[in-house]
Amino acid sequence: MVAPATAPRASRSSPRPRPEAVRQCVVSMVAADSEGPEDRPSGKPDLRVEVEGVAGVTSDLGVDLQYLSPRMFRRERSIPLRGSAAALSNNLSVLQLPARDLTHFGVVHGPSAQILSAAPEGVPLAQRQLQVKVGVGVSPPLITQVHWCVLPFRVLLVLTSHRRIQMYESDGSLMVYWHALDSGDASSAQAMFARGIAASVHFICVGTWSGRVLVFDIPAKGPNIVLNEELTGHQTPITDIATERAQGQDGVADMVTADDSGVLCVWRSGTVFTLLTRIPGFGVPCPSVQLWQGIVAAGYGDGQVRLYDATTGALHVQISAHARTVSALDLAPEVGKLLSAAEDTFVHIWKLSRNPESGSIEVEHCHGECISDTQVCGARFCDPSGSSFAVTGYELAEILRFNSV
Amino acid sequence: MSVRTLPLLFLNLGGEMLYVLDQRLRAQNIPGDKARKVLNDIISTMFNRKFMEELFKPQELYSKKALRTVYDRLAHASIMRLNQASMDKLYDLMTMAFKYQVLLCPRPKDVLLVTFNHLDSIKGFIRDSPTILHLVDETFRQLIEIYGSLSAGEFQLIRQTLLIFFQDLHIRVSTFLKDKVQNSNGRFVLPVSGPVPWGTEVPGVIRMFNDKSEEVKKIEFNHGGDYVAAYKEGSFELYGDRVLKLGTNMYSVNRPVETHMSATSKNLASRTQENIAPNPLAKEELNFLARLMGGMEIKKTSGPEPGFRLNLFTTDEEEEHAALSRPEELSYEVINIQATQDQQRNEELARIMEEFEITEQPEITEQSASKGDDLLAMMDRL
């Protein structure tokens, strides 16, 4: 249902002066409660103002105005959740299993997390709820994150919470290992929790409230998981961790860790992890981070998305991407597409690239989506080419899915 | 989550409670001196030093049930009485209002400005009582001291903690519906226009730099919203222009505020999460209540001061109807004291409650048994 228009909706237009050429914009408005394209809730029109884009028009101000490509995303059938999503960051994990025609989704509700699997077309198949049971007579602690870690010989589902880290088989059926957080030198005024999960070759790295990153050595099978190392590089709570196989090297990965003060650390994995680069913060939290071909993509509490060179730590691109804190970033590695989601209700897709001559990092805006009245808290691509993605929002009891047309 | 959330939650909900009570006292034409006395009594109980000391200790947030008990007690800290239905409605209005304010705060740190707005208004209610004014200022200073130095990351954690507390509450409030800040499904409208938060840039610009950190290119993109730059930052001092309007009094005498009971079925499952295994939870909650209420000094009304009943509804019939028709899933459930194993804690709480005196009111509908049983019964009814 596409309505071609020659003029944009007044309320969505930018107040800047427009060039003589036809104003072009692609912004899709989505009502979260609806089931799909056929089922519209009454009284909430689905707005799709879509016109083809033309690049390279210069405005009166001499600034390059970049228009969106004609690519469009269509809202697909949502997957219902037992419990609504909590207002956390990175609150959606996706495990793609193309060989089995399945996709797993993981969402945190609060004291429980829901793991579910869906067939293509979003048909839900099985679901499971996980909790952290700490003892009799004590309420289950709040879960901060749930995330699948793909290792060379196995996939583990990791759950972080206040007080504990728990690791399960990938379908959540069996807990393989758990680790109690060490209170160490915590004052009572600090909340203790784990947050930030990533797989790095045969290690699983988990961040903590103290800034320490725990590195667990994972065997090819079985429960003999060992805490190998504790990385110190951060002084404030870890927010997110991202990894990527090191270019041209097998069995080595690069990893970037981010924290609540915006500090980013780039590491090289190994029996001992080495700190390669440290990018200073400026007091603004960095809730989400991604790594792709030596590019660090970081989303911040002030709505900015910044791209740094992982080797030098130099800032190459600064995007004023969102009006509220970024809550999630994801990457489609095959094409270098970056997905950013924020509490401002918007989700944006960007194309990352390197200038072949200068080696500078460049970015292009591809698409924007507005999830009406929803504080987005999780977003993931559902395939490595970035042609589909899924989104969760605070208090939304469904996973919204989008596919490109 | 954050262990610094409770003071902000308590003070803001308390502020909203006072706004509603003030509006109802005027709407019900309660004589000025009585109305002032009610507000003074409640405010002086709220800001009592011992109580504030307990409140400000770093601690986890407890369940809505436990917190509700504290407000029940607070609302009855004067000669005013509220029936169950009115108390329920009051609590609904308080929670939805603060939830709205938290959700719409531009920066996580702005929740402090919302708190200051509430405190500024509270000071307005008691401007003729210097002793109580002093107590409020003490709390104000404590807030500035503790929260003034918290980082943006810590405020984001506080925000997340508050939003988890309010998760899945979708009670529709008539003022919000009329002002179009709430949709008919109970969810709040999140505008995509207006000023950006202080410290955030208007979205829509991409800046690229060379290896000498010089800006080499600037591109605009269509971000989809209609934002403008923030024009001023609110003041975090004892006195000052807060700039933010969230947390100021939205009620006026002529605007009756109604709530609509509508729990959509798909939210039922997530609401019942909290009611799993009530007994293990009750023990922690009772510890918390014993501490907090132990610090609450309820003024014993001297002499046969006649009390009165405040009605949050327009008529008594409406109130009765509301009590009967409140949906099951929205009832604030019982904290089952008798069932707890911890006898010692039981006794301590019972002792605290014996200290509270409630002047007998013939109008109190439910079981009006002996005084000591009143409060226990009240807690059991929650």
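The values are calculated or read from the model by the stated rules, or taken from the named source; none is laboratory data. On a predicted model such as this, the values are computed, not experimentally measured, just so you know. So basically every Cβ, Gly included, is an ideal-geometry build from the backbone, and we count neighbours across all protein chains shown. Note: areas computed on protein heavy atoms with side chains; ligands, DNA, RNA excluded. Shrake-Rupley method; radii C 1.70, N 1.55, O 1.52, S 1.80 Å.
What number of residues within region A:364-374 are farther than 16 Å from residue A:75 by Cα and open to solvent by 10 Å² or more (accessible area, probe 1.4 Å)? I'd like the intermediate steps shown before the answer.
Quick first cut of region A:364-374, residues farther than 16 Å from residue A:75 by Cα only: A:364-366, A:373.
Next, only the ones that are open to solvent by 10 Å² or more (accessible area, probe 1.4 Å) stay: A:364, A:366, A:373.
The total comes to 3.
Within region A:249-260, is there a residue that is open to solvent by 10 Å² or more (accessible area, probe 1.4 Å) and farther than 25 Å from residue A:154 by Cβ? Full working, then the answer.
Kept after step one, since they are open to solvent by 10 Å² or more (accessible area, probe 1.4 Å), are these residues of region A:249-260: A:249-252, A:254, A:260.
Those still in the list that are farther than 25 Å from residue A:154 by Cβ too: A:260.
Taking every residue of region A:249-260 in turn, at least one turns out to be open to solvent by 10 Å² or more (accessible area, probe 1.4 Å) and farther than 25 Å from residue A:154 by Cβ.
Please indicate, with yes or no, whether at least one residue in region B:125-133 is out of contact with any strand residue (DSSP E or B) (no Cβ under 9 Å at 6 or more places or on another chain), open to solvent by 10 Å² or more (accessible area, probe 1.4 Å), without any contact (Cβ under 8 Å) to a residue 60 or more places away in the chain and within 14 Å of chain A (Cβ to nearest Cβ).
Looking through region B:125-133, none of the residues is out of contact with any strand residue (DSSP E or B) (no Cβ under 9 Å at 6 or more places or on another chain), open to solvent by 10 Å² or more (accessible area, probe 1.4 Å), without any contact (Cβ under 8 Å) to a residue 60 or more places away in the chain and within 14 Å of chain A (Cβ to nearest Cβ).
Could you check how many residues of region A:369-398 are closer than 30 Å to residue B:102 by Cα and more than 14 Å from every other protein chain (Cβ to nearest Cβ)? Before you say what the answer is, go through the steps one by one.
So the first thing to find is which residues in region A:369-398 are closer than 30 Å to residue B:102 by Cα, and the list is A:369-381, A:389-398.
Still in the running and more than 14 Å from every other protein chain (Cβ to nearest Cβ): A:379-381, A:389-391.
The number of residues fulfilling the criteria is 6.
Any chance you could count how many residues in region A:350-363 are within 11 Å of another protein chain (Cβ to nearest Cβ) and at pLDDT 95 or above? Break it down into steps so the answer makes sense when it comes.
Of region A:350-363, the ones within 11 Å of another protein chain (Cβ to nearest Cβ) are A:350, A:355, A:358-363.
Right, trim to at pLDDT 95 or above and you get A:350, A:363.
Of the residues in that region, 2 qualify.
Could you pull out every one of the strands (runs of 3 or more DSSP E) wholly within region A:68-184 that has 1 or more residues that are touching a residue at least 12 places away in the same chain (Cβ under 8 Å) and hydroxyl-bearing (Ser, Thr, Tyr)? Write out each step before concluding.
Details: elements: A:73-80, A:93-97, A:102-108, A:112-118, A:124-131, A:143-150, A:155-161, A:164-169, A:175-180.
Of the strands (runs of 3 or more DSSP E) lying wholly inside region A:68-184, those with at least 1 residues that are touching a residue at least 12 places away in the same chain (Cβ under 8 Å) and hydroxyl-bearing (Ser, Thr, Tyr) span A:73-80, A:93-97, A:102-108, A:112-118, A:143-150, A:155-161, A:164-169, A:175-180.
Does residue B:148 fit the bill of being under 27 Å from residue A:375 (Cα atoms), surrounded by fewer than 22 Cβ atoms within 10 Å (Cβ to Cβ) and modelled with pLDDT under 95? Outline the logic, then answer.
Details: under 27 Å from residue A:375 (Cα atoms): yes; surrounded by fewer than 22 Cβ atoms within 10 Å (Cβ to Cβ): yes; modelled with pLDDT under 95: yes.
Here the answer is yes, as residue B:148 does meet what is asked.
If you go through region A:266-282 one residue at a time, do you hit one that is open to solvent by 20 Å² or more (accessible area, probe 1.4 Å), out of contact with any strand residue (DSSP E or B) (no Cβ under 8 Å at 6 or more places or on another chain), within 14 Å of chain B (Cβ to nearest Cβ) and closer than 20 Å to residue A:340 by Cα?
No: zero hits.
Looking only at region A:319-378, count how many residues are free of Cβ contacts under 8 Å to residues at least 24 places away in the same chain and part of a strand (DSSP E or B).
Selection size over region A:319-378: 3.
Report yes if some residue within region A:311-324 is away from every other protein chain (no Cβ under 11 Å) and hydrophobic (A, V, I, L, M, F, W, C); otherwise report no.
No, there is no match, as no residue in region A:311-324 is away from every other protein chain (no Cβ under 11 Å) and hydrophobic (A, V, I, L, M, F, W, C).
Within region B:198-212, take every residue that is in a loop (DSSP other than H, G, I, E, B), within 7 Å of another protein chain (Cβ to nearest Cβ) and not acidic (Asp, Glu) and give me the one that is surrounded by the fewest Cβ atoms within 10 Å (Cβ to Cβ). First the steps, then the outcome.
Start the filter on region B:198-212 by keeping residues that are in a loop (DSSP other than H, G, I, E, B), which leaves B:198-204, B:210-212.
Filter again for within 7 Å of another protein chain (Cβ to nearest Cβ), leaving B:199-204, B:210-211.
Filter again for not acidic (Asp, Glu), leaving B:199-200, B:202-204, B:210.
Numbers: B:199: 16, B:200: 25, B:202: 19, B:203: 27, B:204: 20, B:210: 13.
Residue satisfying both the conditions and the ranking: B:210.
Select from region B:213-235 the residues that are open to solvent by 40 Å² or more (accessible area, probe 1.4 Å), farther than 23 Å from residue A:368 by Cα and either in a loop (DSSP other than H, G, I, E, B) or within 7 Å of chain A (Cβ to nearest Cβ) (or both) and list them in ascending order.
First, pick out the residues of region B:213-235 that are open to solvent by 40 Å² or more (accessible area, probe 1.4 Å): B:213-218, B:226, B:228-229, B:231-233.
Right, trim to farther than 23 Å from residue A:368 by Cα and you get B:213-216, B:231-233.
Listed by number, the residues that qualify are B:213, B:214, B:231, B:232, B:233.
Applying the selection to region A:294-315, what residues are within 14 Å of residue A:350 (Cβ to Cβ) and open to solvent by 30 Å² or more (accessible area, probe 1.4 Å)?
The answer is A:306, and nothing else.
Evaluate region A:326-343: report whether one residue or more is open to solvent by less than 10 Å² (accessible area, probe 1.4 Å) and facing another protein chain (nearest Cβ under 7 Å). Lay out the reasoning, then the answer.
At the first step, the residues of region A:326-343 found to be open to solvent by less than 10 Å² (accessible area, probe 1.4 Å) are A:326-329, A:332, A:336, A:338-342.
From the residues that got through so far, the ones that are facing another protein chain (nearest Cβ under 7 Å) too are none.
So far as region A:326-343 goes, no, none of its residues is open to solvent by less than 10 Å² (accessible area, probe 1.4 Å) and facing another protein chain (nearest Cβ under 7 Å).
Condition test on residue B:188, is it more than 9 Å from every other protein chain (Cβ to nearest Cβ), under 27 Å from the mean Cα position of the chain (by Cα) and closer than 20 Å to residue B:9 by Cβ? Break it down stepwise before answering.
On the way: more than 9 Å from every other protein chain (Cβ to nearest Cβ): no; under 27 Å from the mean Cα position of the chain (by Cα): yes; closer than 20 Å to residue B:9 by Cβ: yes.
Spelling it out, it is not the case that residue B:188 is more than 9 Å from every other protein chain (Cβ to nearest Cβ), under 27 Å from the mean Cα position of the chain (by Cα) and closer than 20 Å to residue B:9 by Cβ.
Among the residues in region B:29-46, are any out of contact with any Phe, Trp or Tyr (no Cβ under 7 Å at 6 or more places or on another chain) and part of a loop (DSSP other than H, G, I, E, B)?
yes
Looking only at region B:152-193, which residues are open to solvent by 30 Å² or more (accessible area, probe 1.4 Å), part of a loop (DSSP other than H, G, I, E, B) and closer than 30 Å to residue A:282 by Cα?
B:191
Confirm whether residue A:311 is farther than 21 Å from residue A:389 by Cβ, more than 14 Å from the chain's Cα centre (by Cα) and outside any loop (DSSP other than H, G, I, E, B).
Details: farther than 21 Å from residue A:389 by Cβ: yes; more than 14 Å from the chain's Cα centre (by Cα): yes; outside any loop (DSSP other than H, G, I, E, B): no.
Here the answer is no, as residue A:311 does not meet what is asked.
Any residue in region A:223-236 that is farther than 29 Å from residue B:2 by Cα, more than 14 Å from every other protein chain (Cβ to nearest Cβ), modelled with pLDDT under 95 and open to solvent by less than 40 Å² (accessible area, probe 1.4 Å)?
So far as region A:223-236 goes, no, none of its residues is farther than 29 Å from residue B:2 by Cα, more than 14 Å from every other protein chain (Cβ to nearest Cβ), modelled with pLDDT under 95 and open to solvent by less than 40 Å² (accessible area, probe 1.4 Å).
For region A:131-149, how many residues are out of contact with any Lys or Arg (no Cβ under 9 Å at 6 or more places or on another chain) and modelled with pLDDT of 95 or more?
The number of residues fulfilling the criteria is 5.
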